[in-house]
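Single-structure report; data block below.
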Amino acid sequence: QVQLVESGGGSVQAGGSLRLSCAASRRTFSMSVMGWFRQNPGKEREFVASIRWSGDNTYYADSVKGRFTISRDSAKSTVYLQMNSLKPEDTAVYYCAGGGVPYASSRGAYNYWGQGTQVTVSS
């Protein structure tokens, strides 16, 4: 069983930065891609960014492009999401996810999920 554990959420003012981390208990063939999603109550979980464990391919939602950066430390089986220039609309629970489809932005393409970490951006 793979476990994904997120950390690094919190509260910040608009314009500020946060870095989220996601540590995987182990890696499998069905988890070659790691992604970040976010969700607010009553809304669909939306794709934020993804990265492959091998190579430098990254993929971002238009809403975060240029502000957020996804990266990974393969030796530590950890994925990061650096969030800069945060806006109130970035407020959400952020989820780490693992899957096997490159550049996938749909929730169904990911097999493993973390428990989520809250990010709150105040104006």
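The values are calculated or read from the model by the stated rules, or taken from the named source; none is laboratory data. These numbers come from a predicted model, not from an experiment. Here the Cβ positions follow ideal geometry from the backbone for every residue, glycine too, while neighbour counts run over all protein chains shown. Calculation scope for accessible area: heavy atoms of the full protein, side chains included, ligands and nucleic acids excluded. Shrake-Rupley method; radii C 1.70, N 1.55, O 1.52, S 1.80 Å.
For the reader, a short list of remarks on this structure follows.
- For the chain, averaging the sequence separation of C-alpha pairs within contact (under 8 Å, six or more residues apart) and dividing by the residue count gives a relative contact order of 36 percent.
- Average accessible surface for region 22-67: 54 Å² per residue, computed with a 1.4 Å probe over protein heavy atoms with every protein chain in place.
- Candidate aspartates and glutamates for bridging to Lys65, where Cα separation is under 15 Å - those fewer than 8 sequence places away on the same chain excluded: Glu46, Glu89, Asp90
- Pairwise alpha-carbon distances in the chain exceed 22 Å for 26% of all pairs.
- Spin-label pair Ser122-Asn57: with each label point 7 Å from Cα along the Cα-Cβ axis, the two points sit 4.2 nm from one another.
- Note on Arg67 and Gln1: the model spin-label points, each 7 Å out from Cα along the C-beta direction, lie 3.6 nm apart.
- Taken along the Cα-to-beta-carbon direction at a fixed 7 Å, the label points for Ser32 and Ala14 span 4.2 nm.
- Cβ crowding within 10 Å averaged over residues, with 110-123, 93-106, 61-74 ranked highest first: 93-106, 110-123, 61-74
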